[in-house]
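Undergrad: Below is a structure I'd like to ask you about.
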Amino acid sequence: MTGEVLFLSHRIPFPPDRGDKIRSHHILKHIAPHAPVHVATFADDEHDLAEEPALAELAASHCLVERTKPLALAGAEAIVARKPVSLTAFRSARLAHYVARLIATRPIATIYVFSGQMGQYVPAGYSGRVVTDFVDVDSAKFEAYAAEGSGPRAWIDAREGRLLAAEEARLAVRSKVSLLVSEAEAELFRARLPLGVSADVRAMGNGIDTAFFDPAAVSAEPAMLETAGPRLIFTGQMDYAPNIAAAERAIGAILPRVRERFADATFHVVGRNPPASLRARHGQGGAYVWGRVADIRTWIKTADLALVPLSIGRGVQNKVLEAMAMERAVVLSGEAATGIAAADGRDFRVGRDDAALADAVCALLSSPERAQDIGRAARRYILTAANWDAQLRDLPAMLGLAEGAARNAA
């Protein structure tokens, strides 16, 4: 390949401090040495906008658009256009103009679409290679929301799931390769394609920066040390519905069971934008809700265990991989373990329901040596099976970059 790459991402890949941004960040860094990369992306807030210099340093050119469209307006536009809200929420005339101008003036040989809602920016007449990284099956997630909900919200989620499924199938046909974060997610994606639709669907997992997520690299978090122990932690983007539900489940159903045996046990929710319903729990019944923090590693290091009781889990949970890399024993639901080829009982502990999760937590708190053994095994697993170089080794060839690199080296 002698051309250039257009990287479409629904969020700026800087800083790598949440699940989707971690993946897009490392993929972008992996592509950049092979070819000039132009980035079209969105900023959610002032913290994202502050990362523009880092993006400019890596990208050959970029277009960063602050996403300010209210969700209600995006919903109204979606109903009129008969499109998923996920698409109208990320529709920008400025970004579309940048893409059109770039393709008209630069030798864009490959478009990398990160997250399905960005597929709308691939021009109908574009003749180059398209690789779409769906990450996980968003349509299935909304269907799960609809099944668990009721009333107008359930109708909205069911509509979103149905329309997103059609968009996913369209993009899969349009793309040379469609990527999902795990083989389980890829198999689900294949099974949901309409009868007769053929697409090259592959798994490309997430990795962890093991030099960064190293317990020896940081000290304990003073604010967390001031709370009682033993300490359990849950990390993530806390305006994300599955994370909110998991935190509420831990606080309402699992922590009380643990405190029956360990009266001083505390549960710490760490991550940006927790809703008022969670913030109100701070300091009550052993629960602490901290919001955005400067360095998530110090908080994970200070915890005795990570507790991840997700009920809806799509793809691979970075929060689990990060805790494992930091040598913390992780107690998690089956949904949170999906896509991680680690061994239950050796690398983490899986619980099938609230009682089993609480029992697993108590068993490890009762045996700190066992918890340490699982933590060490978890980091060994990450070092050998979940580093970024291993996960992305096939990416250049998928993008047609390996051929170009070989010709340039010759």
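Undergrad: Taking segment 380-401, which residues are in contact (Cβ under 8 Å) with a residue 60 or more places away in the chain and either buried (at least 16 other Cβ atoms within 10 Å of the Cβ) or touching an Asp or Glu at 6+ places or on another chain (Cβ under 9 Å) (or both)?
TA: I382, A386, N387, W388, Q391, L392, L395, P396, M398, L399, G400, L401
Undergrad: Right, something else. Within segment 69-90, take every residue that is hydrophobic (A, V, I, L, M, F, W, C) and touching a Ser or Thr at 6+ places or on another chain (Cβ under 8 Å) and give me the one that is surrounded by the fewest Cβ atoms within 10 Å (Cβ to Cβ).
TA: A81
Undergrad: OK, next. Based on what the data block shows, is L171 assigned by TED's automatic domain parsing to the domain that holds G75, closer than 22 Å to S24 by Cα, touching a residue at least 12 places away in the same chain (Cβ under 8 Å) and outside any helix (DSSP H, G or I)? Explain how you work it out, then say what you get.
TA: Working: assigned by TED's automatic domain parsing to the domain that holds G75: yes; closer than 22 Å to S24 by Cα: yes; touching a residue at least 12 places away in the same chain (Cβ under 8 Å): yes; outside any helix (DSSP H, G or I): no.
No; evaluated as a whole, the condition is false for this residue.
Undergrad: Same structure, new question: Could you check how many residues of segment 91-116 are surrounded by fewer than 23 Cβ atoms within 10 Å (Cβ to Cβ) and under 10 Å from H10 (Cβ atoms)?
TA: Matching residues across segment 91-116 total 1.
Undergrad: Going through G151, G128 one at a time, which residue ends up being farther than 23 Å from K21 by Cα and modelled with pLDDT under 95? Spell out how you get there, then give the answer.
TA: On the way: G128 fails: modelled with pLDDT under 95.
One residue alone meets the criteria, G151.
Undergrad: Here's another thing I want to ask about it. For L188, only one of the following conditions fails: (1) farther than 16 Å from A140 by Cβ; (2) touching a helix residue (DSSP H, G or I) at 6+ places or on another chain (Cβ under 7 Å). What is its number?
TA: Tallying (1) farther than 16 Å from A140 by Cβ; (2) touching a helix residue (DSSP H, G or I) at 6+ places or on another chain (Cβ under 7 Å), L188 fails exactly one: (1).
Undergrad: If S219 meets every condition in (1) in the same structural domain as G339 (by TED's automatic domain parsing); (2) assigned to a helix (DSSP H, G or I); (3) modelled with pLDDT of 95 or more apart from one, which number is that one?
TA: (2)
Undergrad: Another question about this same structure. Out of segment 1-19, which residues are crowded, with 22+ Cβ neighbours inside 10 Å and over 15 Å from E66 (Cα atoms)?
TA: M1, V5, L6, F7, G19
Undergrad: For segment 104-147, enumerate the residues that are charged (D, E, K, R), in contact with a helix residue (DSSP H, G or I) (Cβ under 6 Å, 6 or more places away or on another chain) and assigned to a helix (DSSP H, G or I).
TA: Restricting attention to segment 104-147, the residues satisfying the condition of being charged (D, E, K, R) are 106, 129, 133, 136, 138, 141, 143.
Filter once more, so that each one left must be in contact with a helix residue (DSSP H, G or I) (Cβ under 6 Å, 6 or more places away or on another chain): 136, 138, 143.
Of everything in segment 104-147, those that are charged (D, E, K, R), in contact with a helix residue (DSSP H, G or I) (Cβ under 6 Å, 6 or more places away or on another chain) and assigned to a helix (DSSP H, G or I) turn out to be D138, E143.
Undergrad: Keeping to segment 52-66, report how many residues are charged (D, E, K, R) and either crowded, with 17+ Cβ neighbours inside 10 Å or outside any strand (DSSP E or B) (or both). If you could, list the steps in order and put the result at the bottom.
TA: Our first condition is that a residue be charged (D, E, K, R); within segment 52-66, this holds for 52, 57, 66.
This time we only want the ones that are either crowded, with 17+ Cβ neighbours inside 10 Å or outside any strand (DSSP E or B) (or both), so: 52, 57.
Selection size over segment 52-66: 2.
Undergrad: Filter segment 117-134 for residues that are of a type in the set (A, V, I, L, M, F, W, C) and either buried (at least 24 other Cβ atoms within 10 Å of the Cβ) or in contact with a Pro (Cβ under 9 Å, 6 or more places away or on another chain) (or both) and give the result.
TA: First, pick out the residues of segment 117-134 that are of a type in the set (A, V, I, L, M, F, W, C): 118, 122, 124, 130-131, 134.
M118, F134 - these are the residues of segment 117-134 that are of a type in the set (A, V, I, L, M, F, W, C) and either buried (at least 24 other Cβ atoms within 10 Å of the Cβ) or in contact with a Pro (Cβ under 9 Å, 6 or more places away or on another chain) (or both).
Undergrad: Are any residues in segment 163-218 closer than 30 Å to R297 by Cβ, surrounded by 19 or more Cβ atoms within 10 Å (Cβ to Cβ) and among the polar types (S, T, N, Q), and if so, which ones?
TA: Of everything in segment 163-218, those that are closer than 30 Å to R297 by Cβ, surrounded by 19 or more Cβ atoms within 10 Å (Cβ to Cβ) and among the polar types (S, T, N, Q) turn out to be S182, N206.
Undergrad: Filter segment 332-358 down to residues that are in a strand (DSSP E or B) and charged (D, E, K, R) and give me whichever is surrounded by the fewest Cβ atoms within 10 Å (Cβ to Cβ).
TA: So the first thing to find is which residues in segment 332-358 are in a strand (DSSP E or B), and the list is 332-333, 344, 348-351.
Keeping just the survivors that are charged (D, E, K, R) gives 344, 349.
Details: D344: 13, R349: 23.
Checked segment 332-358; the qualifying residue surrounded by the fewest Cβ atoms within 10 Å (Cβ to Cβ) is D344.
Undergrad: Return only the number of the condition from (1) closer than 25 Å to L392 by Cα; (2) buried (at least 17 other Cβ atoms within 10 Å of the Cβ) that A146 does not satisfy.
TA: (1)
Undergrad: Could you say whether any residue in segment 95-112 is modelled with pLDDT under 95 and farther than 30 Å from A203 by Cβ?
TA: Checked against the condition, which is being modelled with pLDDT under 95 and farther than 30 Å from A203 by Cβ, segment 95-112 yields no hits at all.
Undergrad: Something else now. Pick from S333, S311, S366: which is at pLDDT 95 or above and either among the β-branched types (V, I, T) or within 30 Å of S139 (Cα to Cα) (or both)? Walk me through how you get there before you give the answer.
TA: Details: S311 fails: at pLDDT 95 or above; S366 fails: either among the β-branched types (V, I, T) or within 30 Å of S139 (Cα to Cα) (or both).
The unique qualifying residue is S333.
Undergrad: How many of the residues making up segment 174-190 are more than 18 Å from M118 (Cα to Cα) and either assigned to a helix (DSSP H, G or I) or out of contact with any strand residue (DSSP E or B) (no Cβ under 6 Å at 6 or more places or on another chain) (or both)? Even if it seems obvious, please write down each step before you answer.
TA: Pass one, segment 174-190, residues more than 18 Å from M118 (Cα to Cα): 182-188, 190.
If we keep only those that are either assigned to a helix (DSSP H, G or I) or out of contact with any strand residue (DSSP E or B) (no Cβ under 6 Å at 6 or more places or on another chain) (or both) as well, we get 183-188, 190.
Number of matching residues: 7.
Undergrad: Tell me yes or no: at least one residue of segment 205-212 is at pLDDT 95 or above, under 28 Å from D157 (Cα atoms), within 16 Å of the chain's Cα centre (by Cα) and not basic (K, R).
TA: No, because not a single residue in segment 205-212 is at pLDDT 95 or above, under 28 Å from D157 (Cα atoms), within 16 Å of the chain's Cα centre (by Cα) and not basic (K, R).
Undergrad: Can you name the residue in segment 270-293 that is of a type in the set (K, R) and modelled with pLDDT of 95 or more and is also surrounded by the fewest Cβ atoms within 10 Å (Cβ to Cβ) among such residues?
TA: Of segment 270-293, the ones of a type in the set (K, R) are 272, 279, 281, 292.
Of the ones still in play, those that are also modelled with pLDDT of 95 or more are 279, 281.
On the way: R279: 13, R281: 19.
Among residues in segment 270-293 that are of a type in the set (K, R) and modelled with pLDDT of 95 or more, the one surrounded by the fewest Cβ atoms within 10 Å (Cβ to Cβ) is R279.
Undergrad: In segment 149-162, how many residues are surrounded by 14 or more Cβ atoms within 10 Å (Cβ to Cβ) and in a loop (DSSP other than H, G, I, E, B)?
TA: Narrowing segment 149-162 to residues surrounded by 14 or more Cβ atoms within 10 Å (Cβ to Cβ): 149, 154, 156-162.
Cutting the leftovers down to in a loop (DSSP other than H, G, I, E, B) gives us 149.
Total meeting the criteria: 1.
The values are calculated or read from the model by the stated rules, or taken from the named source; none is laboratory data. In this text, all values refer to a predicted model and were calculated from it rather than measured experimentally. Methodologically, a virtual Cβ is constructed for each residue, glycine included, from the backbone with ideal geometry; neighbour enumeration extends over all protein chains shown.
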